[in-house]
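In what follows, a single structure is set out as structure tokens and then discussed.
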């Protein structure tokens, strides 16, 4: 019998997210230079930087690439950013290798993705999640489907649930960003 995803959150030490369709809505405007313009949600940003301050590892694995988004993520304290990851499982293995000396295992990672390239990572993660508007194939294998669509706070949703469950949410030091 499969565990309830809330039970699995007790083991989470790291969060890994896809970019397009999770951190962003997956809908782009295209600038005059032909490059896509992505929108990020500030609530997701707050949750990610808070998780890092609380000692969690946060990583990004994306097939897309955007220097602007990368810069914002780095300012939040995220150092493990894999963009242009045409084979996401390779990036996943690299991510694990970086933290294996800290005892990080797949069961300790929550991964959130929204489309077919995320399939194997959702299967591999201790908790596989998807936003409300993920593809049906991804929603069907997710341990948890957020009621929030990609780019609108689904990242905040899973981080907040995890930190609350582990008694790491709304502590006095959380009131300053």
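Tell me the label only: which of (1) 0.96; (2) 0.90; (3) 1.37 is Cα Rg over 2.2 N^0.38 Å as calculated from this structure?
Matching the structure shown: (1).
Starting from the Cα-Cα distance between residue 52 and residue 87, subtract it from 0.36 nm times their residue separation and give me the gain in nm to one decimal.
Going from the current span to full extension adds 10.0 nm.
Could you grab the relative contact order for the chain? Cα pairs under 8 Å, six or more apart, rounded to a whole percent.
28 percent.
Can you order the peptides 65-72, 132-139, 150-157 by their average number of other Cβ atoms within 10 Å per residue, highest first?
Values: 65-72: 14.6, 132-139: 17.0, 150-157: 23.9.
Top of the packing list down: 150-157, 132-139, 65-72.
Taking the highest mean first, how do the peptides 125-131, 82-88 order by number of other beta carbon atoms within 10 angstrom per residue?
125-131, 82-88
Per-residue ellipticity at 222 nm for the chain, helices alone: DSSP H runs ≥ 4 residues times -39500 (n - 2.57), over residue total, nearest 500 deg cm²/dmol?
Computed mean residue ellipticity for the chain: -9500 deg cm²/dmol.
FYI, it's all coordinate maths here, none of it is from the lab. Since this is a predicted model, take the numbers as computed values, not measurements. No Cβ is skipped: glycine too gets one built from the backbone with ideal geometry, and neighbour counts run over all protein chains shown.
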